[in-house]
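First up is the structure itself, then whatever we jot down about it.
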Amino acid sequence: MEEKKTTRTYRVLRWLINAFYPKIETVGTENLPNEASIIVGNHTQMNGPLAGELHFPGAHYIWCASEMMHRETIAEYAFRDFWSQKKKWTHPFYKLLSHLIVPLALCLFNNAHTIGVYRDTRIMSTFKETVHKLDDGANVIIFPEHDVKHNHIVYDFQENFIDVAKLYYRRTGKKLAFVPLYIAPKLRKMYLGKPIYFNPDEPMSEERKRISEYCMQEITDIAQALPLHTVIPYRNIPKKLYPTNRKTQ
């Protein structure tokens, strides 16, 4: 597989991030199929993309919101997605910060191993690039949570990412595997669960629901079986509201 070309600035930034961000150990690599797969993880704010980019084993790419890859959309998206849930009196500061990070975001998200995710008709380019990377032997990591709470571990998954499996099957004749991934930054580990395979003979709407619900449940089960720890949620809420992996709330 051809290595992606990156800028010197990105390589310096990556080195700095790698130096200060804790190493996350991957547990359960025996659950990875021999064929390239979709890895479905909990976002855990910025920890998911960082852990995936820096420490997931083997060749891999990560789905990234396209808004974070284009100068004209970074500031608005960053404020809305990262900081809009902060206390209102802090909003002016975070709006300023969202503009200040534009050059940094452009460098990081366009040089890292990312696949831009579009929310319009360009989504087909996302799917086609994903299939190409899978066919080339790279795993693709997706963090499909959105702002609807599912339980104390994960938020509900947006299900349309599963449509990649239909295109992959048409192009290759192979049934794509989806592998659940629970990221626990407080334990400095990420845990791979048992894969589930796309069934091309079933209606797409049923496959979206089946695979999505399986991954959410598997991630929840993995988390609950681990030693007591703080779960870093999808939403950027105050730290005092972070749940634990034991359902006590």
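The values are calculated or read from the model by the stated rules, or taken from the named source; none is laboratory data. Predicted, not measured: the structure shown is a model, and the values here were computed from it. FYI the Cβ positions are ideal-geometry reconstructions off the backbone, even for glycines, and counts take in every protein chain you see. The protein model used for the area step is the full one, side chains on, heavy atoms only, and it has no ligands, DNA or RNA in it. Shrake-Rupley method; radii C 1.70, N 1.55, O 1.52, S 1.80 Å.
Residues in the stretch 235-246 that are open to solvent by 50 Å² or more (accessible area, probe 1.4 Å) and either among the aromatic types (Phe, Trp, Tyr) or touching a helix residue (DSSP H, G or I) at 6+ places or on another chain (Cβ under 8 Å) (or both): 246 alone. Summed over the stretch 8-49, residues that are in contact with a helix residue (DSSP H, G or I) (Cβ under 7 Å, 6 or more places away or on another chain), surrounded by 15 or more Cβ atoms within 10 Å (Cβ to Cβ) and of a type outside the set (Gly, Ala, Ser) total 10. Take the residues of the stretch 73-104 that are charged (D, E, K, R) and either within 26 Å of residue 133 (Cβ to Cβ) or surrounded by 12 or more Cβ atoms within 10 Å (Cβ to Cβ) (or both): which is nearest to the chain's Cα centre (by Cα)? Step by step, filter the stretch 73-104, then rank; the result is 81. Which residue pairs have Cβ atoms closer than 7 Å, lie 6 or more positions apart in sequence or on different chains, and pair a first residue in the stretch 66-78 that is among the basic types (Lys, Arg) with a second residue that is surrounded by fewer than 21 Cβ atoms within 10 Å (Cβ to Cβ)? Qualifying pairs under 7 Å: 71/102; 71/106. Within the stretch 219-249, track down each residue that is at pLDDT below 95 and over 23 Å from residue 144 (Cβ atoms). Listed by number, the residues that qualify are 238, 239, 240, 246, 248, 249. Residue 125 - would you say it is under 23 Å from residue 53 (Cα atoms), assigned to a helix (DSSP H, G or I) and of a type in the set (S, T, N, Q)? Judged against the criteria, residue 125 is a match. Screening the candidates 181, 228 for the property of being outside any helix (DSSP H, G or I), open to solvent by 70 Å² or more (accessible area, probe 1.4 Å) and of a type in the set (A, V, I, L, M) yields one hit, 228. Residues that are touching a strand residue (DSSP E or B) at 6+ places or on another chain (Cβ under 7 Å), within 23 Å of residue 81 (Cβ to Cβ) and of a type in the set (Val, Ile, Thr) within the stretch 200-244 comprise 219, 230, 231, listed in sequence order. When residue 215 is tested against (1) part of a helix (DSSP H, G or I); (2) open to solvent by less than 30 Å² (accessible area, probe 1.4 Å); (3) within 20 Å of residue 65 (Cβ to Cβ); (4) touching a helix residue (DSSP H, G or I) at 6+ places or on another chain (Cβ under 8 Å), only condition (4) is not met. Which numbered condition in (1) exposed (fewer than 13 other Cβ atoms within 10 Å of the Cβ); (2) in contact with a Ser or Thr (Cβ under 9 Å, 6 or more places away or on another chain); (3) farther than 23 Å from residue 185 by Cβ is the only one that residue 107 fails? It is condition (1) that residue 107 fails.
For the stretch 148-167, filtering for residues that are among the acidic types (Asp, Glu) and either touching a Phe, Trp or Tyr at 6+ places or on another chain (Cβ under 7 Å) or in a helix (DSSP H, G or I) (or both) leaves 1. The set of residues from the stretch 1-51 being aliphatic (A, V, I, L, M), closer than 19 Å to residue 65 by Cα and in contact with a strand residue (DSSP E or B) (Cβ under 7 Å, 6 or more places away or on another chain) comprises 38, 39, 40, 51.
If you go through the stretch 50-72 and keep only what is outside any helix (DSSP H, G or I) and open to solvent by 30 Å² or more (accessible area, probe 1.4 Å), you end up with 57, 58, 59, 63, 70.
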